Structure formats: C-alpha cells, structure tokens
Amino acid sequence: MKLTILGSGGFRRTPRPGCHCPICEDARKNKTQRLGCSLFLHDENILFDTPEEIAAELENAGIEKIDHLFFTHWHPDHTLGARILEIMNTKWSEKLEWRMVARAKTQVYMPGPVHDEIMSRFGPFFEFWEMLGIAHINKMNGSVQAGKVKVEAVIIKTMHRTMTHSTAYIVSNGESKFVYAPCDITPFPEDERFRDCVLMILQAGWHGPEMAERARNGPHYEISLDEIVEIAKKYTPGRVILTHIGDEVGLLPDDIKLLEKKYAWMNLEFAYDGMEIEI
C-alpha cells in the first residue's frame, strides 16, 4: 500500500498567521509548514479527513480523484474542507447554464456516532452534495470493503470537552495492515486487531513539563508521548509515525530529531507534509 501524509499539522496550521512563537518563526525562517491533518491511501483513492487546507494538500500531492472519504470525527480541523467534494466532483453544465453538474461521485463514510455528530452540525451541506450526485453518505457499521482494501472502524468515546466520538481506523489489504488514529484518541481503546500491524500512525502526544501542566489544568485531557510508547509496547507495530503536530506541542526540528533518536527502538518518526510511505 502507498500512503501520503497530506498534512501533519495540529488543530491550527503552522506557521499560524499572527503568531510569533518559536515554532512558527522557525517554520517561516526555513520555509516549512504543517497543514491540516489528513492522509491519502493511493490504493483505491481513499482520503481520510478534510481539513480546511485539503485542496492545497491534494494539489501539492498531485492527487486528482477521491473515490472514498472516511471521517475520523466532527471537529472543524478535520471536516471544514469537505467542500472538496464540490470542488473536485463537479463541472459546469454543458447547456451553459450557471449551475454545476456531477462529473464524479465519492463514497463518504462516517462511523455510527461520528455520522450523527457530523450530520447534526453539517448535515445540509452533505445533503446538498448528495442531491448534486457528487457524494453518497454512508453510516458505517463495522467495516467497509473499498476495492481490495478493507477499512475497519474502532470507535473512541473521547475525553474531549465536546464529548466527541473519534475513530481509529484499521486498514488492510490481505497482506499487511496499518492503523490510523490521528486525533482525540484518549482513552485509547483496547483491541486485539491492533496487533501485528506494520505501521501505526497516531496523534503526537504532549511532551515535557509545560505540556504536562497544561494537561492537568486544561479543559480536556490529551494523550501523552509516554502513553503512546505504552501503546507501541503493547501492540508492537513495525513502525510508529506521529502526526497532528501543532505549534502548541512546542517541538522544534532539533527536538524532533532527539525524540526520534531516543525512541529509535520502536522505529518512531514524526510526520511531515508530503511524507510518502510504502508498506
């Protein structure tokens, strides 16, 4: 399977306009960026999540088609780019009317409670896209077979202050499998299907005393890097890639190198925009 990390950023892009923190200033200096968190599986043209910058991310990666779209949860940094369905799947009417007509249709999947939370907030948009014939909304129950790829959803009732449900996806093709759980994964579910995967792509947990203090005092609890290490010890994936890396985590490039070196025993890497992965 061939994967591209389209965007590796947190709930807000880096650099963030108007922010002069060390992380954003370093990104400006080195002309790097982290856009909204998203993943593309080239096998069967599968997209996971639509952050606000998804159009630019797809263009940067040279991706021209989305056959399947899976959402992890309703939060704006994972859904507000859903209009990509309209951008990519429509054309102007051949009758030269000032209206759009469908040129392609994407199968959209939302696991049970995630579907209810997304549709309660953005339902009219998805209903409009269904009416145009550019999307079909599926309330996912269990697993989906997308061509040769099987996608299973493990629902997470998170500790986020919005009482959100999130998703850990298990993706397999009969030869290998990987896990994609990029955001709001606390408490991380126990599931034996996570074992024997070649790759886990997980949310970058907080690290260091400042973030520990924020976690204790903040409005909701986020996963820590220590907890991610315990997940890796338990399920022993062949490789771990951390994504959803926001400026609030406070990691400069040299910090990331040190952490990758410290946890080399578990093949830990931090994601970056445009990162290509073969498994």
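Numbers below:
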{"item": "Residue ID - nearest to residue 84 (Cα to Cα), chosen from residues in region 117-145 that are small (Gly, Ala, Ser) and surrounded by fewer than 19 Cβ atoms within 10 Å (Cβ to Cβ)", "result": "133"}
{"item": "Subset of region 78-110 that is farther than 26 Å from residue 5 by Cα and outside any strand (DSSP E or B) - its residue that is nearest to the chain's Cα centre (by Cα)", "result": "103"}
{"item": "Residue in region 41-54 that is surrounded by fewer than 24 Cβ atoms within 10 Å (Cβ to Cβ) and part of a helix (DSSP H, G or I) present", "result": "no"}
{"item": "Selection status of residue 198, closer than 23 Å to residue 262 by Cβ and surrounded by fewer than 21 Cβ atoms within 10 Å (Cβ to Cβ)", "result": "yes"}
{"item": "Odd one out for residue 113, checked against (1) of a type outside the set (A, V, I, L, M, F, W, C); (2) in contact with a Lys or Arg (Cβ under 9 Å, 6 or more places away or on another chain); (3) assigned to a helix (DSSP H, G or I); (4) surrounded by fewer than 16 Cβ atoms within 10 Å (Cβ to Cβ)", "result": "(4)"}
{"item": "When residues of region 31-40 are limited to those that are of a type outside the set (Gly, Ala, Ser) and in a loop (DSSP other than H, G, I, E, B), the one farthest from residue 126 (Cα to Cα)", "result": "31"}
{"item": "Among the candidates 16, 28, residue that is surrounded by fewer than 22 Cβ atoms within 10 Å (Cβ to Cβ) and either assigned to a loop (DSSP other than H, G, I, E, B) or on the phi > 0 side of the Ramachandran plot (or both)", "result": "16"}
{"item": "Checking residue 73 against (1) within 22 Å of residue 12 (Cβ to Cβ); (2) assigned to a loop (DSSP other than H, G, I, E, B); (3) without any contact (Cβ under 8 Å) to a residue 60 or more places away in the chain, the condition it does not meet", "result": "(3)"}
{"item": "Of all residues in region 146-166 being out of contact with any His (no Cβ under 7 Å at 6 or more places or on another chain) and part of a strand (DSSP E or B), the one that is surrounded by the most Cβ atoms within 10 Å (Cβ to Cβ)", "result": "151"}
{"item": "Pairs where the first residue, in region 177-198, is modelled with pLDDT under 95 and the second is among the small types (Gly, Ala, Ser), C-beta under 6 Å, 6+ apart", "result": "184/166"}
{"item": "Any pair with Cβ under 9 angstrom, 6 or more apart, that starts in region 156-168 at a residue that is farther than 15 Å from residue 228 by Cβ and ends at one that is at pLDDT below 75 and hydrophobic (A, V, I, L, M, F, W, C)", "result": "157/163"}
{"item": "When residues of region 35-46 are limited to those that are over 9 Å from the mean Cα position of the chain (by Cα) and among the aliphatic types (A, V, I, L, M), the one farthest from residue 204 (Cα to Cα)", "result": "46"}
{"item": "Residue in region 62-103 that is surrounded by the most Cβ atoms within 10 Å (Cβ to Cβ), counting only those that are touching a strand residue (DSSP E or B) at 6+ places or on another chain (Cβ under 9 Å), within 19 Å of residue 128 (Cα to Cα) and hydroxyl-bearing (Ser, Thr, Tyr)", "result": "90"}
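For (1) within 27 Å of residue 1 (Cα to Cα); (2) within 18 Å of the chain's Cα centre (by Cα), each residue gets a yes or a no:
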| position | (1), (2) |
| --- | --- |
| 128 | no, no |
| 140 | yes, yes |
| 151 | yes, yes |
| 156 | yes, yes |
| 165 | no, yes |
| 172 | yes, yes |
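The values are calculated or read from the model by the stated rules, or taken from the named source; none is laboratory data. Small disclaimer: the values here were computed from a predicted structure and weren't measured. With ideal geometry, Cβ positions are generated from the backbone for all residues, glycine too; neighbour counts draw on all protein chains shown.
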